[in-house]
Amino acid sequence: MKWVIKSKHVNDEDKVIAVELEDEDGSFNANIRWDGSMEIHIQSLTEENNYLVDTIHTYDLEGLITKLEGLNALCMDYFDDWNGKR
């Protein structure tokens, strides 16, 4: 997946302090700050054709990824036709 930089925010010293990113198809976007804080927006369409936007706030991206990988592994153990299988 490729990320597109929508905008950069700089301080008085011209150092980047925040970046706004979006993936190529526009279903994910993220606001990331210099201190590791981030807000991630995930857009999706349900089976009932409802449009959803979920927001995740985190300071620990690697920890979040680890938890999500664990959740996916558990789902693969419980559901034979889990759509998260690789």
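Summary table below
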| item | result |
| --- | --- |
| 0 to 90° range, to nearest 10: angle between helix 61-78 axis and the chain longest Cα axis | 10 |
| Accessible area in the full protein assembly, largest first, 1.4 Å probe, for Lys15, Lys67 | Lys67, Lys15 |
| Most to least accessible of Met38, Met76, Met1 (protein chains only, probe 1.4 Å) | Met1, Met76, Met38 |
| Local net charge near Arg33, Cβ-Cβ under 15 Å (Lys/Arg +1, Asp/Glu -1) | -1 |
| Listed candidates (i) 43; (ii) 66; (iii) 52 - label of the one calculated as percent of Cα pairs over 20 Å apart | (iii) |
| Percent accessible area from carbon and sulfur atoms, segment 2-86, protein chains only, probe 1.4 Å | 53 |
| Residues Thr66 and Asn11, FRET efficiency given R0 of 30 Å [Cβ-Cβ distance, rounded to 0.05] | 0.45 |
| Surface accessible to a 1.4 Å probe, Val19 within the full protein complex, Å² | 30 |
| Trp3-Glu20 pseudo-label distance in nm [points 7 Å out on the Cα-to-Cβ vector] | 1.5 |
| Heavy-atom surface of the chain, accessible at 1.4 Å and reported per residue (Å²) | 82 |
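The values are calculated or read from the model by the stated rules, or taken from the named source; none is laboratory data. All values derive from a computational prediction rather than experimental measurement. All Cβ positions, glycine included, derive from the backbone under ideal geometry; neighbour counts span all protein chains shown. For the accessible areas, the whole protein counts, side chains as well, though only heavy atoms, and no ligand, DNA or RNA atoms are used. Shrake-Rupley method; radii C 1.70, N 1.55, O 1.52, S 1.80 Å.
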